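Worksheet: the structure to be examined is printed underneath.
What follows draws every value from the coordinates through simple rules; no lab data is involved. As the structure is a computational prediction, the values presented were derived from the model and not from experiment. Reconstructed Cβ throughout: ideal geometry from the backbone, glycine too, with neighbour counts over all protein chains shown.
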Amino acid sequence: MTTWLILFIPLISAVLITLVTRKQKDLSSYISIGAVVFCFILSINPILNLLQHPHMEPIQKSFSWINIPGFHVEMGTLLDQLSILMLFVVTFVGSLIHIYSRGYMHGDPGFSRFFACLSLFIFSMFGIVLSNNFIQIFIFWELVGLSSYLLIGYYFEKPSASDASKKAFLVNRIGDFGFILGIFVIFQATGTFNFIEINHILEKGGIPDSTLYIAALLIFCGAVGKSAQFPLHVWLPDAMEGPTPVSALIHAATMVAAGVYLLARTALLYHLSPDAMEVVAYIGGFTALMAAVIAVAQNDIKRVVAYSTLSSLGYMVMAMGVGGMTAGMFYLTTHAFFKALLFLAAGSVIHAFHTQNIWEMGSAFKKVKTTGTTFILGSLAMAGVFPFSGFWSKDEILTATFTSHHYFLFAIGILVAFISAFFMTRLVFVTFFGNERYHGHPHESPPVMTVPLIILAVFAVFSGLAGLPWFEPNFGTYIAGPSHGGHGEHGFNFFVAGLSTVFVIAGIALGYVIYCRDLDKDPLEENALYKLAHNKFYFDEFYDNFIVSKIYNGIAKICNFVEVNIVIHFFVNGFAYLTRELSKILRLTTTGKLQHYTLIMVAGVVVLFLLFGVL
Amino acid sequence: MEQIFFYIFAIATVASAIAVISLRNPVHSAISLMVCFLQVAALFILLRSPFLAAVQVFIYVGAVVVLFLFAVMVLDLGKERFGEYLHHQRPIALVVVIGFVFVMGFTILHGSLDAQLGNYTEKALVKNTEIMGKLLFTKYVFPFEVVSLLLLIALIGAIVLAMKEKR
Amino acid sequence: MSIFKKIFFIDFIKGLSLTLGYEVSKSVTMRYPDEEKWAPYQRFRGLHTLNRDAQGRELCVACELCAKACPTKCITVVPMEDDKGIGISDRIAKVYEINLVRCMFCGLCEDACPTTAIRMGRDYELACFSLDCAAADKKRLLAPREIPQEFEGGYVVMARLERNKEGINIKPDLTRKKRWW
Amino acid sequence: MDINTLIEVALIIVKVIFVSLILFTLPIPLTWIERKVAGHIQVRLGPFRVGPHGILQPVADMIKLMFKEDIAPEKADKWLFRFAPLFAMIPAFAVYAAIPFGDKITIPIINKEVTLYISDMNVGILYILAVGGISVYGIILGGWASNSKYALLGGIRSSAQMISYEIALTFSCIGVVMTSNSLSLLDIVKFQSGTILGFIPNWNIIYQPIGFVIFFIAALAEINRIPFDLPEDEGSLAAGYHVEYSAMKFSFFMLTEYVAMVTASVLAVILFFGGWDAPLFMPEIPIFWFVAKVGFFIYLFMWIRFTLPRYRYDQLMSIGWKILLPLSLLNILITGLFLL
Amino acid sequence: MIPLSHYLLLSLVLFSIGVAGVLLRRSIIIVLMSLELIFNSINLSLVAFAHFLQSMTGRVFVVFTITVAAAEVAVGLAILVAVYRRRKTVYVEELSEMKH
């Protein structure tokens, strides 16, 4: 019952706001915040339950939705370790972001619409997290896409925002297409949509490896779309056109993590198909590296954070790919805290400076002390400095990579750690220190915005301790990959930790050397690699000029030819002509005069009676 | 006694019905229609259905014909003296209608369309209304609801249709 | 409070009780021609009268000041000499006529009169069937009035309707008087 | 036909004639009373000249109306113009076929029980409402047949008004029917005999206060009395539907109006005030209490007429449809809930 | 005692008059009135059957018929008013947009 309540409270709130409280803006924000906070409170009970019983059985509650022989779909909720963790992350981060939004969006004309969309999003996210079968997860997957579309295009009067929302939507469709194909492949193979049943069938074996391989890759397509992996990563940076709380909630903490969650949910499938895992791991690694490089060359504070998100997502996917599910989920959790923190702090910075360009800020640390401090804490966590949460989680991924003998990926991981540390240092120094480049008077944000920042900062700093390898039980006790029975792989490798720390410190040092001066523009600007990275490796242009204009338009031309000449001219117009000619004859019987029809009707009755009744 | 009343009512019914379709002035037609309805109500009483008679008067005479009169007066049709008020299809229509009367009359008189009056209890007659009400709310509750919904839709539809478009 | 008022029809009941109060109260009308007549106050400006002194002599000395003072010039006075003692001096009015059609009953003649001969009286039933009565001559003005000068008016008196050849006359009975308030 | 049936038929005929006579003569005192009430409320005396306290005034009026010239407009629809007053009058009288004035009384000398009603229909209240609804024809046809714009407007207004308020009226009666469990007026009155708690009379007004208020207001509108006398709104329509009528036809309309007022009072008494039931341990006198209560209501109608101003037409319509109709539905709902 | 066939014949005559009205008259309002006549003839036969067969069903059905008839008149007259307002005609044969 609780799970259903959690699922539907945000929906009720969205409906209420849409129908009733559009005019009372304050009330709509209270409803929305109340709904998500209430969900958080409701989700505390399952969490406590989980903490007491680490090896709890999954709780399923479902009812039959579509029941055709051979095709059974149910609607239901699944409560296991994974979904409880996600529930906690979503409700907790969601609550804080909701509260923050109340301050950030204050005075906006679409205030109520914003909160309605936010509630809708929370509803769909819960749907993904709690669903127990593929069909339901796909529905909510699309709903998440829809609410993300609505929220990215929140400032729809801005062309860039509406373009970004369309882009996000379309790019996601490509991934989702693969996803639903994957669902069907799995259904074909197992005959069910239910996760637990699928897992049972997979454990029994007997499904050909090729099928598994195809299914895993297709489902990974969905994750690629939603988690913005290469080559579908192009939408996420553009999605920063939405309001900052949206970026924090959707495009850092929750929705983009849904792809990773999906991979975790279907971990057994990947476990049984090592080839697919390789693909996943290399795509993740490549995304991580590419995004990190691009992040170095960005000047927009939100874009830097966005590319760092992209890089982190690549990290998580890489972790999944090398079989480090626990590591990936752990990184997802800590990442949700510090990335949400970074985005919210960035929002607070934008609120203070009224610009997003980091070269128009600087030297304002003293004016925005709370924001600055929390931002720096988040950056340290992001960079993976000991003992912040990022360090522990990243270290686990690297360890997982190392122990699974993916040395190339391990090298990439170390490199990404280095670059991350570098660009975070760059971001912090350029934004808060150096010479004064801003106009106007930056001021600290109201408490409704800073208090969530502080709470998140606390979590960003300390949440890594949950995965501390020397404690038992730790994070891995609860979240365990399919390969490791009851225990996660919270090994601790001093070589890996040391190496990464060295590289992180090197990155910070390099950043310090280059950027801790009075600068007016980026000193690396003339560099060729910088230019390449600044233009995001020309991915958008490549898609536009090659895929869309050549391949897509070519297919369109062929289709157009077929349609115009064969379908329209021959079939459609031909039948229309035939019909018209025939109707010219039949038309004579319709005079349009009511009484003619009536007369014929009555005459017909008389004739019928004469034929059958009387004679 | 009852027969005398029946024939009086029947003749009045037919006469007023003919008046409805043959008078030129719509208001006069409406009045004839009202008279016809009243006669039918009287026939209902002969058929031991006082409730239906009251309903007939209530709805047909009290509402429907008033509505007709209202429409005629609002549109001011009463003053139009219709030049040719019958159709050019008159002869064939008359033939068809008379044929219909003959065919159906033949069926009624020579068919098995007759029933002897069953032995009814006085109680059923007196408690007519009560029995009908109980039936309406038990056995026929679904049609009842459907009809009430229909009435509601008609109400809204009539309002929407008759409302002047606001520019 | 207002919803309470609406539910219990307080205003409606207030209105009803008000009208009920009026219903049981005495009526303010008088049955004028038949039974009752209004006796005006002394300050009332009705048909003029020409006064006499205690010995019965005419007070008017035909000084024509009233004619001069009249804004509508409706008073015609023609003086003549007289030694019969009709008047208080040897000059009396030969003709004293007031055109009632033009007169607007302003009372300036009364103010102008040095001998208080002309006074505005209390007759208000001035309608008649012929033009003769539109002009009040000396005889009519000198005739004694139904409501004498000294009578303190301002209430309803009983009256009697009288018909004769000249028309209708309402005779008041000054002894039976009543006030409605 | 045996002798008893004949006596019964004769009795019914006598009753019909008796009731008709009463109804025909009732407006005569009523007009006088109304004018007197008007006079006194307006702090004047009212008619006073003909007879003592003007008591013969209505007779004089009647004589005047009888001898006036009967004028019909040239372009009027002659037949309908002639029949419209009858159309108005017949339903107003026909209503009394179902109204009980009292229970049975025994005539002392011949020692025969006589019922004080013409017939006890088992759908009595429905019959009254249905037949009462027909009386709109007189008004609408009179208005139309006069071929005058004032009359036509008055006719259309009144037909719209009567149709609108008839719904609320009927629905308010349904509450009474629900509590007393019968459509027969006799049963309804019998249901109301006795007392609650020993002293409060067991009248429907106790159970149906909202119903009574709705009934009363709707009845005011149905009989075209102030504050709902829009059909004959002197200010804007001259005299409404009977502006072209004179002499006896006009007097028929007047007669109808007074009879309708009496009907409304009678219905209010029967449905809500216990009919001939005596209040507060008073002795039961046949018909007396009935007449007393009816008299009170007639007086109330007159009293209201000279207290309230007239509503505007749009106000009238919105009161009918937006207030009375929902309220009456609510009343039915509440009654149903209580009965459950 | 009146036999059932008498009622049925009366109903038939009423029905035929209604049909004749629909077929013959040009004014749409008279056509609607004729439809009401048809409704009434049906009601009459239903009640007659109900009476003679001692069944309540026919009477109950008449209640429904009357309701439907009331709804039909309301909508029909509303359409008539709307049509008249736009086309200024009430002649049936001039309202023949439904052809082609």
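Sorting the segments D:11-17, C:95-101 by their residues' average number of neighbouring beta-carbon atoms within 10 angstrom, most packed first, yields C:95-101, D:11-17. Given R0 = 25 Å, the distance between the Cβ atoms of D:Ile200 and D:Asp120 translates into a calculated FRET efficiency of 0.35.
Of A:His271, A:His233, how do they rank once you tally other Cβ atoms within 10 Å and put the fewest first? Show your work: numbers first, answer last.
Values: A:His271 18, A:His233 25.
Neighbour counts put them in this order, fewest first: A:His271, A:His233.
Inter-chain Cβ neighbour count for D:159-168, averaged per residue, equals 2 (cutoff 10 Å, partner chain atoms only).
Test of understanding: what is the full-extension gain from A:Arg580 to A:His405, defined as 0.36 nm times their sequence separation minus their Cα-Cα distance?
Working: separation 175, 0.36 × 175 = 63.00 nm, distance 7.38 nm.
Fully extending the segment from A:Arg580 to A:His405 adds 55.6 nm.
Comparing Cα centroids, the range A:7-85 and the range A:496-545 end up 41 angstrom apart.
Legend: ranking of residues C:Met104, D:Met317, A:Met290, A:Met361 from fewest to most surrounding C-beta atoms inside 10 Å; resulting order C:Met104, D:Met317, A:Met290, A:Met361. Relative to the longest principal axis of the Cα atoms of chain C, helix C:10-24 runs at roughly 40 degrees.
Would you mind computing, in nm to one decimal, how far apart the modelled labels at C:Lys171 and A:Leu608 are, each placed 7 Å from Cα along Cα→Cβ? Once both label points are built, they end up 9.8 nm from each other. For the range D:127-137, putting each phi into the Karplus relation 6.51 cos²θ - 1.76 cosθ + 1.60 with θ = phi - 60° gives couplings of 4, 5, 5, 5, 5, x, x, 5, 4, 5, 4 Hz, in residue order, rounded to whole numbers and with x for Gly and Pro.
Rank-order A:510-518, A:457-465, B:26-34 by packing density, defined as the average count of other C-beta atoms within 10 Å over each peptide's residues, highest first. Could the numbers behind the result be given before it?
Values: A:510-518: 15.3, A:457-465: 21.3, B:26-34: 24.6.
Sorting A:510-518, A:457-465, B:26-34 by mean packing, highest first, produces B:26-34, A:457-465, A:510-518.
Using the count of nearby Cβ atoms within 10 Å as a rough guide to exposure, how do C:Thr116, A:Thr192, A:Thr334 rank from fewest to most?
Numbers: C:Thr116 11, A:Thr192 19, A:Thr334 31.
Result, fewest neighbours first: C:Thr116, A:Thr192, A:Thr334.
Averaging the Cα positions of each part gives two centres, and for the range A:330-397 and the range A:549-592 these lie 60 Å apart. How high is the FRET efficiency between B:Leu94 and A:Asn560 when r is their beta carbon distance and R₀ equals 51 Å, given to the nearest 0.05? Result of the calculation: an efficiency of 0.25. Relative contact order, whole percent, for chain D stands at 21, derived from Cα pairs under 8 Å and 6 or more residues apart. Taking a ≥ b ≥ c as the square roots of the Cα gyration tensor eigenvalues, with a/c under 1.5 meaning rounded and otherwise prolate when a/b beats b/c, else oblate, which class fits chain A? Prolate, because a/c is 1.5 or more and a/b exceeds b/c. Projecting label points 7 angstrom from Cα along Cα→Cβ for A:Phe462 and C:Ala135 puts them 12.4 nm apart.
For the protein assembly as shown, the square roots of the Cα gyration tensor eigenvalues, ordered a ≥ b ≥ c, give a/c of at least 1.5 with a/b greater than b/c, which places it in the prolate category. Counting only alpha carbon atoms, the long axis of helix A:369-383 and the longest principal axis of chain A meet at about 80°. Specify whether the C-alpha gyration tensor of the range B:2-86 places it in the rounded, prolate or oblate class, a ≥ b ≥ c being the square roots of the eigenvalues: rounded for a/c under 1.5, otherwise prolate if a/b is larger than b/c and oblate if not. In terms of gyration-tensor shape, oblate. Where in the range A:230-257 does the label zone of A:Leu170 land, with the point 7 angstrom along Cα→C-beta and an amide N cut-off under 19 Å? Residues A:230-242 qualify, since their backbone N sits under 19 Å from the label point. Between the beta carbons of A:Ser160 and A:Val448, assuming R0 = 30 Å, the FRET efficiency works out to 0.60 to the nearest 0.05. How far is helix E:28-53 tilted, in degrees, relative to the longest principal axis of the Cα atoms in chain E, given as a value from 0 to 90 rounded to the nearest 10? With rounding to tens, the tilt is 10 degrees.
Across peptide C:21-28, the mean count of Cβ atoms from other chains lying within 10 Å of each residue's own Cβ comes to 5. Spin-label model, B:Phe142/A:His569: points 7 Å from Cα along the beta carbon direction are separated by 5.6 nm. For the range D:1-123, the relative contact order works out to 17 percent when only alpha carbon pairs closer than 8 Å and six or more residues apart are counted.
Helix-derived [θ] at 222 nm for chain A: sum -39500 (n - 2.57) over DSSP H runs of at least 4, divide by residue count, nearest 500? Show your work: numbers first, answer last.
Numbers: 26 runs with 414 residues, N = 615.
Here the helix-only value at 222 nm equals -22500 deg cm²/dmol.
Peptide E:50-59 shows a mean partner chain C-beta count of 6 within 10 Å per residue C-beta.
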